[in-house]
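The values are calculated or read from the model by the stated rules, or taken from the named source; none is laboratory data. Remember, predicted model here, so these are calculated numbers, not experimental data. As a convention, Cβ positions derive from the backbone with ideal geometry for all residues, glycine included, and neighbour counts pool all protein chains shown.
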Amino acid sequence: MKTLKIKTDYITLSQFLKILNFISSGGEAKYYLMEHTPLINNEPDNRRGKKLYPDDIVNIEGEEFKIIK
């Protein structure tokens, strides 16, 4: 499992995707999430504005990430 350290209280799913280079710009998030549905804490969720908090676990494209502060 990989980790992503954040400095704020939360980040959005689209920010997460951009930070980890799944997309190159925030505008691509909508289209990316139409084709890929990540699991957030083992629940499917493709809302680009979904807030991710420390200790959340995101599974996407076969990779698992834990949000840490």
Only one of these is at pLDDT 95 or above, under 15 Å from Glu63 (Cα atoms) and touching a Phe, Trp or Tyr at 6+ places or on another chain (Cβ under 9 Å): Leu52, Leu4, Leu39. Name it. Leu4
Residues that are buried (at least 18 other Cβ atoms within 10 Å of the Cβ) and in contact with an Asp or Glu (Cβ under 7 Å, 6 or more places away or on another chain), at least 2 per element: which strands (runs of 3 or more DSSP E) completely within the chain meet that? none
